[in-house]
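The values are calculated or read from the model by the stated rules, or taken from the named source; none is laboratory data. All of these numbers come straight from a predicted model, not from anything done at the bench. Backbone-built Cβ (ideal geometry, glycine too); neighbour counts: all protein chains shown. Quick note on the areas: whole protein, heavy atoms, side chains included, nothing else; ligands and nucleic acids left out. Shrake-Rupley method; radii C 1.70, N 1.55, O 1.52, S 1.80 Å.
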Amino acid sequence: MSLRIADLFAERDSQRYTLHARHLNEQMVRVLKTIGFDRGYRRGVGPYLYDSHGERYLDLLSGWGVFAIGRNHPAVRDALKQVLDGEFPNLVQMDVSALAGVLAERLLRNVSYLDKVFFANSGTESVEAALKFARAATGRTGIIYCSHAFHGLSYGSLSVNGDQVFRSGFGPLLPECTEIRFNDLDALARALASRKIAAFIVEPIQGKGVIVPDDDYLRDALDLCRKHGTLFIADEIQTGLGRTGRFLAVEHWDIQPDLVLLAKSLSGGHVPVGAVLTHKWIFDKVFDRMDRAVVHGSTFAKNDLAMAAGLATLEVMESERLIENAARTGARLLRAFERMAQRHELVKAVRGKGLMIGIEFGAPRSLKLRASWNLLETASSGLFCQLIVIPLLKDHKILTQVAGHGNHTIKLLPPLTISDADCDWIERSFEVVISDAHRVPGAVWTLGKTLVDNAVRARARG
Ligand SMILES: Cc1ncc(COP(=O)(O)O)c(C=O)c1O
């Protein structure tokens, strides 16, 4: 008899947090319970999640950006079923599959200045490949990355991560990786001058904090790289595939990187996948002889399920005009949040492109509010944003989170399928919660006091 997964899911659901605390990451369970995010979702459809009471939530995290076409899209499910039902000769290894070839062809149709694709199983694997390819192609060893950068958490990616919280305790990391300030062309020019730099890796819009560079930054950075013989790697793992209202975010600045990295939403969220798009000459330096045909790769890369899901995802993005929808709904939301920033002193800035939006909060001017803000921030930097995201979830059924450690920016990364009704829901809910946060005393700051007490108790427990 076959395993009844759906029954298992239902039968053991009440134990999900106990099981995780016992056998997986206990600290994650503590986080979820502390902020009331232990909702035990049962279903996911499009941009919505449903809990055990059938209550509907609007998901603005989309699994850190993997569900760009929405959860459980019928086209992707159908493609996956076809692969399983078709008994395809998946992963023969000493043969190649047509599906990978067609997905590569489709991706390159959208990025016509590049001619090769290397498939991987995740974002971080795409980064690892790009770093190795850059060294092999240039014969150089140095890598430059930016402050606050996030490229994944395996050793190569961690070596180009601009956040100490992630790096700390895991050293030594890869040598000859140099951090420069994001958006600082002089720093880049100085770092490139040694002519030992294989690659500059950069997110066109930084995910941690949703930092959009100055308009000339990426174009001038690419020119500097070309001048110094350094390859330009655009990490589009979060920004790519329509997220910012263009197929790639670099299109906003009309630049053509040497390597483009994709992952996350490429498989519609169902199967892990990653991709490096690059030039033939770079590929030819890596895979330069027959006995080096497998010099870089990974067992599960190019598997038929990931490739089929990728093809279905690109098809859905095109047929449902999701890139256009991201541009339109994103512009609408940005305008709404900009209006909120004018009305509410706690909102300091609103940034983003398409459906990658950051709302930054900051110290208020008025005395009473400032005293409460200071109390909270002294207890734990960045805690304020929890006063927004907790009521958003509890009272308005909107799932969102802060964009990084010690950060005051809440990030919106919804599926690209959201409708105007969803935008109304978002705007209405943020307006209520942000207005409430300007009332002292009030429910939001009472919650703040509870969080401070929890933080103090947790610290005392060590
Ligand atoms: C810009 C960027 N690069 C790389 C990664 C790593 O991807 P993965 O978690 O699939 O390894 C992420 C993940 O959030 C990312 O946002």
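A 1.4 Å probe run over the protein chains yields, for the chain, 47 Å² of accessible area per residue, whole-number rounding.
Could the peptides 252-258, 384-390, 9-15, 414-420 be put in order, highest first, of the mean number of other beta-carbon atoms found within 10 Å of their residues? It would help to have the intermediate numbers written out before the result.
Working: 252-258: 18.4, 384-390: 21.3, 9-15: 10.7, 414-420: 22.9.
The peptides rank, most packed first, as 414-420, 384-390, 252-258, 9-15.
Show log10 I(q)/I(0) for the stretch 69-164 at q = 0.12, 0.13 Å⁻¹, two decimals, from a solvent-free Debye sum over equal Cα scatterers. Listed by q, the Debye log ratios stand at -0.61, -0.71. Enumerate the residues in the stretch 415-449 having an amide nitrogen under 19 Å from the point lying 7 Å beyond the Cα of ALA371 toward its Cβ. Correct set: 437-449.
Could you calculate the FRET efficiency of VAL294 with ALA363 from 1/(1 + (r/R0)^6), where r is the beta carbon distance between them and R0 is 41 Å, rounded to 0.05?
E(calc), rounded to 0.05, equals 0.15.
Using the Karplus relation 6.51 cos²θ - 1.76 cosθ + 1.60 with θ = phi - 60°, the per-residue 3J(HN,Hα) values for the stretch 281-286 come to 5, 6, 4, 5, 6, 7 Hz, with x marking Gly and Pro. In terms of distances greater than 20 angstrom between alpha carbons, the cross-link table entries LYS227/LYS353; LYS116/LYS353; LYS280/LYS353; LYS116/LYS285; LYS33/LYS368 yield LYS227/LYS353; LYS116/LYS353; LYS280/LYS353; LYS33/LYS368.
Distances between placed amide hydrogens fall under 5 Å for GLY274 paired with ALA120, ASN121, SER122, all partners being 5 or more residues away or on another chain.
The string of couplings for the stretch 439-449 from the Karplus curve (6.51, -1.76, 1.60, θ = phi - 60°) is 9, 10, x, x, 4, 4, 6, 5, 4, x, 5 Hz, one whole number per residue in order, with x for Gly and Pro.
Restricting things to alpha carbons, find the Rg to Rh ratio for the stretch 153-197 using the Kirkwood radius for Rh. Walk me through the intermediate numbers first.
Values: Rg = 11.8 Å, Rh = 11.7 Å.
Computed over Cα atoms, the ratio is 1.01.
For the listed peptides 168-177, 428-437, 308-317, a ranking on the average number of other beta carbons within 10 Å per residue, highest first, reads 308-317, 428-437, 168-177.
Extension gain, TYR17 to GLU315, is 103.6 nm, computed as 0.36 nm per intervening residue step minus the present C-alpha separation. Take every DSSP beta bridge whose two residues both sit in the chain, then give the antiparallel share in percent to the nearest 5. Approximately 65 percent, going by the DSSP bridge assignments.
Rounded to 0.05, the FRET efficiency of the ALA458 and ASP95 pair, given R0 = 56 Å and the Cβ-Cβ distance, is 0.55. So what J values fall out for the stretch 142-147 if you push phi through Karplus, 6.51 cos²θ - 1.76 cosθ + 1.60 with θ = phi - 60°, rounded to Hz, Gly and Pro as x? Couplings: x, 10, 10, 9, 10, 4 Hz.
Compute the semi-axes of the equivalent ellipsoid of the stretch 255-310, taking the square root of 5 times each eigenvalue of the Cα gyration tensor, and list them largest first in whole Å.
Values: eigenvalues 107, 57, 9 Å².
After scaling each eigenvalue by five and taking roots: 23, 17, 7 Å.
Length gained on full extension, GLN256 to ASP216, computed as 0.36 nm times the residue gap minus the Cα-Cα distance: 13.0 nm.
Taken over the C-alpha atoms, the stretch 384-462 has Rg and Dmax values of 14.3, 47 angstrom.
What length, rounded to one decimal in nm, is gained on full extension from ALA6 through to GLU87, with 0.36 nm per residue of separation minus their alpha-carbon distance? Show your work: numbers first, answer last.
Values: separation 81, 0.36 × 81 = 29.16 nm, distance 2.29 nm.
The span from ALA6 to GLU87 would gain 26.9 nm if fully extended.
What percentage of all Cα-Cα pairs in the stretch 306-462 are separated by more than 28 Å? Intermediate results must be reported in sequence, preceding the final value.
Details: 3475 of 12246 pairs.
Roughly 28 percent, rounded to a whole number.
In this label model, ARG428 and LYS196 are separated by 6.0 nm, measuring between points 7 Å along each Cα→Cβ vector.
Counting only protein chain heavy atoms and rolling a 1.4 Å probe, the accessible areas of TRP445, TRP64 rank, largest first, as TRP64, TRP445.
Taking the simple approach of a point 7 Å from Cα along Cα-to-Cβ for both LYS227 and ARG328, what is their distance in nm? Each label point lies 7 Å from its Cα, and together they span 4.3 nm. Residue ranges 39-48, 25-34 sort as 39-48, 25-34 when ordered by packing (mean number of other C-beta atoms within 10 Å per residue, highest first).
For the pair the stretch 146-225 and the stretch 357-374, the centres of their Cα atoms are 30 angstrom apart.
For the chain, a Kirkwood radius taken over Cα pairs fed into Stokes-Einstein (4 °C, viscosity 1.567 mPa s) yields D = 55 µm²/s.
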